[in-house]
Structures are given as C-alpha cells and as structure tokens.
C-alpha cells in the first residue's frame, strides 16, 4: 500500500515532479495479450495537454509518452508497464519569486509543514502535471474494459453557469474548448472565462463523467463499494472539493418514493424507470449508466494579489504570474474519464477473481 | 487488501449480517498501552442505537459490545482487537414477503446479480447494521487521537430544509432527536418527518462532520490525500450519494480570489482568514477545522407501493413494511463521526511512520 | 494491509489470545455459492487439536468452530466469513510463575520490549493457539481449490532422525501419532520423544507439505512468486526457522545439469523428468507437485531449568511446567497444509483475475 | 497490492525487462530530509554489476542509475523516488535460438503457460537484471536505517564446499571474487568454478546475510513477522530455493535445552548466551545479529545439452550459450543485503507508526 498508488489489482503507481526531468508511472496487473502501443495512449494525453486553446495554460509540453516495459511485439505481457514522459518546457525561474512564500489555496504551506522541505518549482509533486500519468494509465484501463463500455466526460457547470440538460449533446463536447455538451451555454462560458482572466482571477467548474455499458455486478458490499472508490478517485484529483453519484446531494431533498428507481421487465431484461442511483446500488453497478460528478475549485494561482505569509513567518502579499489555467476544471475532464476507467478496470478484475 | 477492510495502518475489518447470530470487527494496528474497555465504546454505540426516538427504527437492539482480544488489564496490547455484538431482535419472517422481490433503491438486485444468491433477511450484509462496528472502531480510533482533537457531527439539511448557520449551536445537537444544531429548524423537521412517515414515505438528509484540533500535516500528496480517504470513508456508508469538503460544490461558483483562503501570522502562528478549503490543502491538513459533508438519500424501505420485478423476472409491486428509519440520515451522524475518527487515526499513524 | 492478515484476494485476518475468551478470524474474498458449514471445517481442526496422543499437550480444547457470517443456507454468500472458537480449558494460574520472567526461546522478551506490556498468559497472541484459525481458514481455502488438488503433509525428520524416502506411504501418516510416512522410523521416534519428555526437554522436526494436481500458471514473476508467498506463509508459523522448495538447500550442492529438470512430451503434454524445482519455476507453478519443507525448532517451554532474566532486570532461572507439546512440529502438520491451501487459493483467484 | 511491489510503508515497485529499453523502480514512503544522490546508490550497484571477474557474466552493463524524482537539492522530499537504468549491452539475437524452446530450470515454460506469450529475450521480466533495482532500493533503505545498523553478506557454501566458520573474516569478503569470508576455501572455489565452466555446467551456493545493530522490537506477532518477511524477500530473488534464520534447518536436530538461547544481564542490559534464534523471537528482533541464509540453485543456462520441448510441443535438446554467470549465487550477495535493508527499513517505519 502506498500513498502514490491507486487500485487493487489494476494498480497504478505514479512518480515525478512538475519541474523534474520526467514524470512516469508503473501500471501493474494488466491482463496479458492486449494490443497496446504509444499510439493508443497518445490521443488521450493530447486531450489533456496544455495549450490547446487560449483557455488553458500556455506551457508547451508535447507530452510524448514512452512505454518502457510490459509490452512485447505490440501486446501486453502481463508484467508491469513502465511509462515515462520527459518534462520539456520547464521554466523554474518563474517560481523563485514564490520560493519563500506560501501561495493561498496551494499545498505550499501544508507540504512544508509535513515534510520540512519542498520542491517549490511548479508545485513539485502537487502539480496537476501528475494527472498526465493518470490519463495514460486510463488509456490502458480502457483496453481491459469491453468495447461496449463507453466513458465520456463533460463540464456541466462553469462558475455559477450550469448547462441546460435538455440541450445535452455529446457531439458538442468536441466542438468547443470546454468539453461543454450545451452549445448555447458554451458561448457564455467564453465570456465568463475571458473576464476572469482579464481581472487576474479564475473560475471553478463541475465535471460529469458517464460510463455506459457497464455490466451489472461490479463493486462490493461495504468498503470496496464502486461509489466509494470513485469518490476517492475523483477527490484525489487536484483541486476537487466534492463528488456525487447519480442524484447526489439532490437526493437529500427527494422523498423515498421519488428517489428509489422503480424496476420493470423489458424484453426479458430488468430495467429501471429512472437513474437517481447513478448506476450503483449497495456499492454494486446496476447495469445503468454510472454517473458521477465532481466539483473543481477555481485555480489558486491568480494574478490578483492575495494576503499570505513567508516561510520565515512574515506577513506579505503574493501575485502568482507563471502560466496557469484560468479554469483547471477544463483539463480535469480527460483526467476524470481516466479515473473512471481505472476504477472500472480494477473492479472488473476483482469481480472476475471472486465471481469467475 | 480486502473489500471489507478500511484503513492502512489503523485497519478495521468488519463481518456479519443483519440477521445472522452476530456482527463483529477486527481492529488491527492500534498502538499499545491505550486505556480501553467496553465502557468507553458503549456510549458511542448507544448514540447510534435504534429506537431512541420515534424517528428511528423500532428494532430493539441493546448493541452490547464485547471486547474479545487485544486488551489486557484495561490496556491495548498492540495485537488485534476483536469486537462482537450479538444480534437480538431479529424478525426474519418480516422479510419472507420480500424474499422473491427486489426492493427498489436497495442492493437486492445487484447482490443477486453479482453473487448469484443473497441473504435476503434484513438486507444481509448490506444492512446499515454493519455501521455499528464502524462506530465501535471509531471509539478506538478516538483513543489514538490526541484529546485536543474533537470530532462532532450534525444534520444540516433534512429534505429541502437547511439549517441557518448563524443559529449553529453544538450544544443544541444533543437536545433534539436529529443532531440538529439549529433549534428553530429542528421543530420544522419534526413535522416534516411525521408527514413523511404518515404518507408511508421517507426523507433524505445532509450531515456535516467537523474535526477540530487536527494538527497540520496529516495526509499525503496524491492518492493518499486526506480528503480522498474521507470521500471513500463517507461514500462507503449506506445510502450516501455525495461528499464534499469545505466549500465543496459551492467552490465551483467562487472566483479564485474568493476561494483561496488568505493567510496571516497571528501570535507567531500561521492562520487563515477563511476556511473554504475545509482544513485540507493538497491532500494535507492545514490545522484548521476539517469540515466534510455527505448527502444521505431517503430510506428506500417505504410503505408506499413501488413498481419492481421478482427474482423470477415478473413485474410486480412492493410495499416494504418491517421496522425502518424514516430518515436514515439521522443515525448516520455517529457513523460519520466514527469514519472521520478512523481516517484521522490512520493518517496520524502513517504520518508518524514517515515523518517521525 | 495488516500485521494480522494474510493473502491478497483470499484474505484471512485472525484475532485472539491463548487465554482470552475466544479466538477467531475473518475470511474475506471467498467466491459465492460454495458449500460450507461447520461440519466441513471441524475435521481439519480435530487433526490439529491438542491431546490426541501422549505426544502432544494435554490441554483439553474441543475447538468447536462457529460460523458467524458469510454463509446462508449452507452456501457461501461472497461476504466475509466470521469464525470463532471459544477458549475453554484456560489455566492462567499456570502462568503467574512466569509473569515476571522471560522464557528463553519465547517471544516474552521481544513482546515486552516492543509493546511495553504483554498478556503473559499462555503466550498471549504468540501462542500456537492462533494456528487453529489458520486451519479453519485452510478448510475454506480447500473449497475454492478444485477437487483435483490434494494437499498433504508429513513429518519427515524428528530430531536428527530422518525418514527413508523409499519407505514413504501417505496411508501410513494416518496410522501413527506423528504424521510419519515411514512406519519403521516412527517407532524410533516414539522412543526419541519419550526420552526427551523424560529428561524435561523437547525436540525439533521437519515437515513436508505436498500439493498435487496444482495447475500450471499459479504465481507471479517477481515479488508475488508462489514460492515467496509459501516461504512467508510457512515462516509465519510459530517456531519455524527454515523453509525450502523442491531440492531446497540441497540444490546448492547440485551442478546445473543435475538440477535443471529436463522436459519431454508425453501423451501430448509437457512433462518433467525430475522435480528439483518443487513444482515452481520463476515463481510460477509448473503443474508438477508443489513440494515444500519447513523446519520447526524444539519446543521452548521445557522443564529443564534455563538461565534467564526477570522483567525487572535480575538474573534468574526458569523451568516451564504448564502443559506443552514435547515436539510442536507434530501439530504443525495440519497448519502447514492449511497455509499451503490458503496460498494456493489466493493465487488461484489472482490468476483468474489477471488471466481469466 | 501488486505482484511487482515489495514492502508496506517503505514500498518498492520495479518494472522492466532484460532486453527492453530500461529497467526502473519507484520507491515510495521514504522519510523526507535524508541525504540522497546517485553517488550514494552507485557503489551498491557496482558491487552487483556483471563482469567484475571471470566468474560472472561478461555482459557489459555500466548500470548507471538516474534519480528522476523525489529528491530536491540533495535531500529526499518524501515523495516517490523514481529510479531508472538504461539497458545498454543488449544482444537479443543471442536469444532467437531459444525463442521456440523452453530452457529447463527457467521460467520459459511457466510464463508461456500463464500469460500465453512471453518476451523471450534474456528471460524478459524473469531475468536477474531486475535485481539491480532491488540493490538501488536497498541503498535508499540504508539511509533510513540508523548508521549503527550494518548489513553484510557472504557466500558460505559453493557447490558442496562450505566455509570453515572459525576462519570467518568480513575483511576477506572484499579480497576475493566470491564474497567469501574464508580465505582458504575461496581458493578451492576458484578451481571448482573453473571446472564447472569448463565442462559447460554451473554450480549453486548458500549466501548468509547478517544485520548488526538492529534494535530490539522490529517485527510483528503473526503474519507480519520479521522472519516471515525476510523469507519472502529472499525467496523472491531469482534462483533461490531455501531460506533459514539462525540455526535454521539445523534447529530441528537440536534439543530444547540446546536451542533456546539463555539470557543474562550484562552491564544493565539483557544479553543472550547464544544466537540460535538468529536475532528473531516470535517474529520480533531481539537486538542480537539478525542472521539469515538462502540457497541459490546452480545457473540453469548451461552449455551442456539438456532434453527439453519446443513451444510447438516437440521433443528437442537445448544448449544455452549466451553470456551467463557460472554461479548466480555470487552476484546474489549484494541483492541479499539489499533485501535485508528493505525489510528492516519497512519494519522500522511500521514500528515507529505503531509504537512511536
């Protein structure tokens, strides 16, 4: 068990800092014989890559992943898959200004307090750069999942502007820079984000990840609940402050008869008349869409000056310049999808182990 | 690693079904030399016990816990602590009516689909009865935590009726049957709950758990984040559909300058001017109150008839009578406190291991 | 992960002290639908039970196991199986004499040094009584293994008297009090053991455990090697000081051409012309018999006085009376078989998870 | 939990194949603030490196390790340490001859049977090349251990030639190519090994690893026993077939009064009059030297032709040429030391967690 590993049987261990020579991960437990090469993984990384629009950080990272082990002649061998991405566009000097100050909303203060020292360059280990390896691991996880399982994410709220669900179009998510399924609201979001950037601030978001085609039976009764593991997975993403499944917090305001999804036989199969459960009952998948949402706080690296203290214990102010995403929630979409894929792949292997 | 265990170093493994002879748990990793006996644990169990007011199930369970190992002459020995509670008021015949029907909102269908068979009596393993052992384990966890750490829970929303935060009084939580910190709203809740029961329905709730006195430095950078583990802990409680930390989902609607808690030196110590972070930055505790909330869906066992299917694949209806909590959120309060205690104790031991 | 758990997917967690009210365990990860009741487990416990001949301790423990959870209508449900045995013949006063002295060869001194206190009655947690739960768990593990897999143990050396392998008869192991496969040497052993007891001493032994019918492919390449896990499993049994697989230490004295088991096709199947590997190559089972041996030191509780020190730091002598096995190796046979069963069951589930 | 990870809190995960682009590992759980750089690790790797004498493989690998993360300005940061060694002298064509044949004594057959495919080049994942990363991790582990703890290894038997213990000199181990502590027998070993090589065969060995200065109290009562973890650690090294602690298999032939190490106070401290226990009682260190031995089988890659079968199921013969160690036991010495260091470092952190 390790603080930098995730999953029980499909197990991902990441390493690397924002401004070190490279970041990487080890993916253990992958079944043998699956087709895998860099070309399969790269598009998922490209989706998360910075600099794809003016709404994300301008750090230029090609994020070319290399497979260093565990694949032979284009197939997984069942041994650990070593992945690495070299860091390229590292401007550590951007950070010397903040070396001796704790940035509010960042891990600077807590890292220093915990470890007694910290790699301050680009946030070190706490940089969202680590999530590139999650995306790579998620691409491998997708190979384990049957092709019937489709995992898709979307931003459903930016600031306090929510999408209108009746306008939902998955196709639309690829057509705007926000993974927004609502063409109309995405225009408003552009203005919103431009305004935030202009005043040196930032903005939060809510992301929804949906897995379709998940078979009934994944998960476990008590601590190994599918939703408990999704909650940990999403909450472990940088800047996430909340996670919900199905009706989520809204379920608290429903009555028992509204909330419990009724069931009916249809063409010889069990079906549900609604999906407040978000595809999970008693910690186990129902066969409906698994629906999860997570809230991402606004980027803490902002130009607008904030009160803070120095490592030496003096009051001061800080204005974080560097190159930052005005809304980290946008690039969290492929990360959320990847975490969903990893959790499902792990649960699938565990289910196969116990139930054959 | 096991689907019925929780925690890395302070490790709780529970067993038992609602209508079996007993439920129990093994608590491993407890430091030696701590004062412990049944009398310390029992009051926490009593707080969760059914039948304390007309707003909880009328099942009569004294829930007397026995310590079977790991304690010698009133002190923990460092070896595993075996705990057991015998089930008493078991009326399995209440359940024969539902033996062949899947109750909507329950795990009946998913268990059957996963395992091919299920102990249908009282929900078997998926019964909230399992949470009694969490509460017992949480009582042990509190022994590990310094006495400066105070963990308290409250119901902050019932149905769509929220508390008014300016009226918050911890003392009040002990004076009404809802752990409600707002004396005024608790009166409304009585009416709300009575109405729900009368029409054979049920109601959801939001619980807030606050840990004060937590030292800075608990948690870990990436997958071992304190908030990620709290998320898993709370989401693993029966009927929970959402978890949030600090400003939570509300953080999505804040701007970066509103959200990032500013810092100031005060009497030589680092302080924060707000607590949107909920006491956790970068997965590590800040020293402020750790504040978490979770949403509990309305009880799925309701008298009002619902559409469902039989195990044999026929459409039918079901009306669940038995003895059920009209709002399971109420009794989730001591459970939430216990999970907070378990997570903090585990993280404390892990911190001590790595950072001395 | 826990110091009192064993196995990854088939996971056994034991609790309990020699002179506490009970001992027990939780077996998690068992596949659902397997036939299981107390009657299946009890014979394995009876084989380990004390007092079956004059060559084992005279403590009278019926060792009646109760299944408290995880089984419904005679079938496993897939949820954790709680097992318990109540301690009966506890004579704690036997131990007050040794309360303040460290018995040489026992864990008394190290426990005290580690934990600062210890339950001195009957060795507390370090008593071999804990192994009863391993035997019970092993009985469940056998249910998971195909009936083609046969696990049998034998004592192959007592003191310095080895068996003659050409006289090996499995049937004979049931006919003498030593699980000895060599009828001739078992007579010598009787004399040997009687003499040891008479002079207030004790004697060591080597146990061999053989699993036949194990399919090729169980195990894993590096740290999850089948032999590495067997080594941990056997070494974790009380009083064990050595473990070997196949030719074991003898392999060091072989040349490369003698040691490497040659292969031949036979009836369309791969066969080996010898089994120096003990059924494991590169950490993975070959399909041949898995053959392991472990050495058990002589019982440390002996009447003959030995030099020791008191908990207060004075030199003294100790003569351990109580009721003790003159050769703990004998009762280690069913325990060794159980550990083999647990390791194989766990590896089988892990193999199924990864390789389908 | 992962088949390619080792340790609970000081956790090592390795990846890489013999003929892939690189091998590497992730070391998680290292305390922060420890001095660490490549220069500290490299000498340990050099000790294991091939080609240092005519008695090891002539493959030329500089084995230059790179630290890719977890270290900042010469100090560990508490985040995962990524290590990598690029493979250089890869002659995969040496292996095309054996692509379709299973080498007796190797993992070829079992890998193929388990995974359905294998990277046959140089043994792929089952190559002893993986042990380079253990050595690197062991170097980090030594940083965690107090400088009072000294870990040293020696070859104590080659073929059937044992050392004479009365001639033991640690200094001598550095003066011959065998890590042999007995100057006289090392001369015999030269002849022995030259003869084995000449006739195209190989030879086995027994290695002893001794840790001095280990404090009393490391380890745990039951499954987390220090000796159980050492057994797994050593047995997981390639080609190891047996492990013993202290008197080991010899303990079986001792009487209880000979075996149990007597105790005496000396200068106010508890001392032992002998060390049959090998420094471990009840799974917990006694403060005496921790003494372990493991047996390494003769190299399976030999020139002398052996009967085997093809992947297609035909009988054939094989003569393994390539570049191989005539006695893999020699290079296992630094690996054994490293595993001892890793186990002790992990247990030290666990002890600190539980007992402060």
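The values are calculated or read from the model by the stated rules, or taken from the named source; none is laboratory data. Note that the structure is predicted; figures quoted are calculated from it, not measured. Backbone-built Cβ (ideal geometry, glycine too); neighbour counts: all protein chains shown.
Can you tell me which residue in the stretch A:223-240 is surrounded by the fewest Cβ atoms within 10 Å (Cβ to Cβ), limited to those that are over 28 Å from residue B:16 (Cα atoms) and within 7 Å of another protein chain (Cβ to nearest Cβ)? Working first, answer last.
Our first condition is that a residue be over 28 Å from residue B:16 (Cα atoms); within the stretch A:223-240, this holds for A:234-240.
Right, trim to within 7 Å of another protein chain (Cβ to nearest Cβ) and you get A:235-236.
Details: A:235: 28, A:236: 25.
Applying the filter and picking the extreme gives A:236.
In the stretch B:167-183, which residue that is part of a loop (DSSP other than H, G, I, E, B) and touching a helix residue (DSSP H, G or I) at 6+ places or on another chain (Cβ under 6 Å) is farthest from residue B:335 (Cα to Cα)? Before you say what the answer is, go through the steps one by one.
So in the stretch B:167-183, the residues part of a loop (DSSP other than H, G, I, E, B) come out as B:168-170, B:175-182.
Then keep just the ones that are touching a helix residue (DSSP H, G or I) at 6+ places or on another chain (Cβ under 6 Å); that gives B:176, B:178-182.
Details: B:176: 18, B:178: 14, B:179: 12, B:180: 15, B:181: 17, B:182: 20 Å.
It comes out as B:182.
Rundown of residues vs (1) at the interface with chain D (Cβ under 7 Å from one of its Cβ atoms); (2) in contact (Cβ under 8 Å) with a residue 60 or more places away in the chain; (3) under 16 Å from the mean Cα position of the chain (by Cα); (4) under 18 Å from residue C:327 (Cβ atoms), yes/no style:
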residue	(1), (2), (3), (4)
C:221	yes, yes, no, no
C:242	yes, no, yes, yes
C:252	yes, no, no, no
C:257	yes, no, no, no
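What number goes with the only condition from (1) modelled with pLDDT of 95 or more; (2) within 7 Å of chain B (Cβ to nearest Cβ); (3) buried (at least 24 other Cβ atoms within 10 Å of the Cβ) that residue A:264 does not pass?
(3)
Testing residue C:12 on (1) under 17 Å from residue C:125 (Cβ atoms); (2) modelled with pLDDT under 95, one condition comes back false. Which one is that?
(2)
The rows are residues; the columns are (1) within 30 Å of residue B:7 (Cα to Cα); (2) within 14 Å of chain C (Cβ to nearest Cβ); (3) surrounded by fewer than 24 Cβ atoms within 10 Å (Cβ to Cβ); (4) in contact (Cβ under 8 Å) with a residue 24 or more places away in the chain.
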| position | (1), (2), (3), (4) |
| --- | --- |
| D:4 | yes, yes, no, no |
| D:7 | yes, yes, no, yes |
| D:14 | yes, yes, no, yes |
| D:26 | yes, yes, no, yes |
| D:39 | no, no, yes, no |
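Could you give me the residue pairs with C-beta distances under 7 Å whose first residue belongs to the stretch B:345-356 and is facing chain D (nearest Cβ under 9 Å) and under 12 Å from residue A:3 (Cα atoms), whose second residue is modelled with pLDDT of 95 or more and in a helix (DSSP H, G or I) wherever it lies, and which are 6+ apart or on separate chains?
Going by the 7 Å Cβ cut-off, the qualifying pairs are B:350/D:353; B:354/D:349.
Within the stretch B:238-285, can you find the residues that are under 12 Å from residue A:240 (Cα atoms) and part of a strand (DSSP E or B)?
Of everything in the stretch B:238-285, those that are under 12 Å from residue A:240 (Cα atoms) and part of a strand (DSSP E or B) turn out to be B:243, B:244, B:245, B:280, B:281.
Of all the residues that make up the stretch D:92-111, how many are at pLDDT 90 or above and within 17 Å of residue A:71 (Cβ to Cβ)?
Taking the stretch D:92-111 as the starting set, the residues that turn out to be at pLDDT 90 or above are D:100-111.
From what is left, the residues that are within 17 Å of residue A:71 (Cβ to Cβ) are D:111.
Residues meeting the conditions: 1.
Collect the residues in the stretch C:273-285 that are more than 9 Å from chain D (Cβ to nearest Cβ) and either under 22 Å from the mean Cα position of the chain (by Cα) or modelled with pLDDT under 95 (or both), keeping them in residue-number order.
Step one: of the stretch C:273-285, the residues more than 9 Å from chain D (Cβ to nearest Cβ) are C:274-275, C:279.
Once the filter is applied, which keeps residues that are more than 9 Å from chain D (Cβ to nearest Cβ) and either under 22 Å from the mean Cα position of the chain (by Cα) or modelled with pLDDT under 95 (or both), the stretch C:273-285 yields only C:279.
Could you say whether any residue in the stretch D:319-335 is in contact with a strand residue (DSSP E or B) (Cβ under 8 Å, 6 or more places away or on another chain), farther than 24 Å from residue C:247 by Cβ and either modelled with pLDDT under 95 or crowded, with 22+ Cβ neighbours inside 10 Å (or both)?
The first filter runs over the stretch D:319-335 and keeps only residues in contact with a strand residue (DSSP E or B) (Cβ under 8 Å, 6 or more places away or on another chain), leaving D:319, D:326-330, D:332-334.
If we keep only those that are farther than 24 Å from residue C:247 by Cβ too, we end up with D:334.
Then keep just the ones that are either modelled with pLDDT under 95 or crowded, with 22+ Cβ neighbours inside 10 Å (or both); that gives D:334.
Among the residues of the stretch D:319-335, at least one is in contact with a strand residue (DSSP E or B) (Cβ under 8 Å, 6 or more places away or on another chain), farther than 24 Å from residue C:247 by Cβ and either modelled with pLDDT under 95 or crowded, with 22+ Cβ neighbours inside 10 Å (or both), which makes the answer yes.
Within the stretch D:184-204, track down each residue that is surrounded by fewer than 16 Cβ atoms within 10 Å (Cβ to Cβ) and in a helix (DSSP H, G or I). Reasoning before the result, please.
Restricting attention to the stretch D:184-204, the residues satisfying the condition of being surrounded by fewer than 16 Cβ atoms within 10 Å (Cβ to Cβ) are D:184, D:187-188, D:191, D:194-195, D:198-199.
Passing the criteria: D:184, D:187, D:188, D:191, D:194, D:195, D:198.
Filtering the stretch B:10-50 down to residues that are in a helix (DSSP H, G or I) and closer than 27 Å to residue C:66 by Cα, which residue is nearest to the chain's Cα centre (by Cα)?
Applying the first criterion (in a helix (DSSP H, G or I)) to the stretch B:10-50 yields B:38-48.
From what's left, closer than 27 Å to residue C:66 by Cα: B:38-39, B:41-42, B:45.
Values: B:38: 21, B:39: 21, B:41: 16, B:42: 17, B:45: 12 Å.
My answer is B:45.
Residue check, residue A:89 against (1) in a strand (DSSP E or B); (2) more than 13 Å from every other protein chain (Cβ to nearest Cβ), all met but one. Which one?
(1)
Within the stretch D:93-108, which residues are in contact (Cβ under 8 Å) with a residue 40 or more places away in the chain and in contact with a strand residue (DSSP E or B) (Cβ under 8 Å, 6 or more places away or on another chain)?
Matches in the stretch D:93-108: D:98, D:100, D:101, D:102, D:103, D:104, D:105, D:106.
Looking at the stretch B:286-313, which of its residues are within 7 Å of another protein chain (Cβ to nearest Cβ) and either free of Cβ contacts under 8 Å to residues at least 24 places away in the same chain or not in a loop (DSSP other than H, G, I, E, B) (or both)?
Hits for the stretch B:286-313 are B:295, B:296, B:306, B:307, B:308, B:309, B:313.
If residue B:59 meets every condition in (1) at pLDDT below 95; (2) over 30 Å from residue B:312 (Cβ atoms); (3) within 20 Å of the chain's Cα centre (by Cα) apart from one, which number is that one?
So residue B:59 meets the others, but not (2).
Would you check which residues across the stretch C:28-37 are in contact (Cβ under 8 Å) with a residue 60 or more places away in the chain and surrounded by fewer than 23 Cβ atoms within 10 Å (Cβ to Cβ) and list them?
Within the stretch C:28-37, C:31, C:34, C:35, C:36 meet the criteria.
Show the residue pairs meeting these rules: Cβ distance below 6 Å; 6+ apart or different chains; first residue within the stretch B:330-341 and more than 12 Å from residue B:6 (Cβ to Cβ); second residue modelled with pLDDT under 95 and in a helix (DSSP H, G or I).
B:331/B:48; B:334/B:47; B:334/B:48
Among the residues in the stretch D:197-215, are any under 30 Å from residue D:353 (Cα atoms), at the interface with another protein chain (Cβ under 10 Å from one of its Cβ atoms), in contact (Cβ under 8 Å) with a residue 40 or more places away in the chain and in contact with a helix residue (DSSP H, G or I) (Cβ under 9 Å, 6 or more places away or on another chain)?
Scanning the stretch D:197-215, I find at least one residue that is under 30 Å from residue D:353 (Cα atoms), at the interface with another protein chain (Cβ under 10 Å from one of its Cβ atoms), in contact (Cβ under 8 Å) with a residue 40 or more places away in the chain and in contact with a helix residue (DSSP H, G or I) (Cβ under 9 Å, 6 or more places away or on another chain), so the answer is yes.
I need the full set of residues from the stretch A:128-166 which are exposed (fewer than 13 other Cβ atoms within 10 Å of the Cβ) and assigned to a helix (DSSP H, G or I), in order please.
First, the residues of the stretch A:128-166 that are exposed (fewer than 13 other Cβ atoms within 10 Å of the Cβ): A:146-148, A:160, A:164-166.
Correct list: A:165, A:166.
Residues in the stretch C:113-127 that are within 18 Å of the chain's Cα centre (by Cα) and within 7 Å of another protein chain (Cβ to nearest Cβ): how many?
Within the stretch C:113-127, residues that are within 18 Å of the chain's Cα centre (by Cα) and within 7 Å of another protein chain (Cβ to nearest Cβ) number 2.
Within the stretch B:242-284, track down each residue that is more than 18 Å from residue A:157 (Cβ to Cβ) and touching a helix residue (DSSP H, G or I) at 6+ places or on another chain (Cβ under 8 Å). Break it down stepwise before answering.
Just the residues of the stretch B:242-284 that are more than 18 Å from residue A:157 (Cβ to Cβ), to begin with: B:257, B:260-275, B:277-284.
Scanning the stretch B:242-284 gives B:263, B:270, B:278, B:280, B:281, B:282, B:283, B:284.
Looking at residue C:302 and the list (1) within 27 Å of the chain's Cα centre (by Cα); (2) surrounded by fewer than 24 Cβ atoms within 10 Å (Cβ to Cβ), which single condition is not satisfied?
With (1) within 27 Å of the chain's Cα centre (by Cα); (2) surrounded by fewer than 24 Cβ atoms within 10 Å (Cβ to Cβ) applied to residue C:302, the lone miss is (2).
Right, residue D:68: in contact with a helix residue (DSSP H, G or I) (Cβ under 8 Å, 6 or more places away or on another chain) and within 14 Å of another protein chain (Cβ to nearest Cβ) or not?
Numbers: in contact with a helix residue (DSSP H, G or I) (Cβ under 8 Å, 6 or more places away or on another chain): no; within 14 Å of another protein chain (Cβ to nearest Cβ): yes.
Criteria not met by residue D:68.
Quick one: residue B:83 ticks every box in (1) surrounded by 24 or more Cβ atoms within 10 Å (Cβ to Cβ); (2) touching a residue at least 40 places away in the same chain (Cβ under 8 Å); (3) part of a helix (DSSP H, G or I) except a single one, so which number is it?
Result: residue B:83 passes all but (3).
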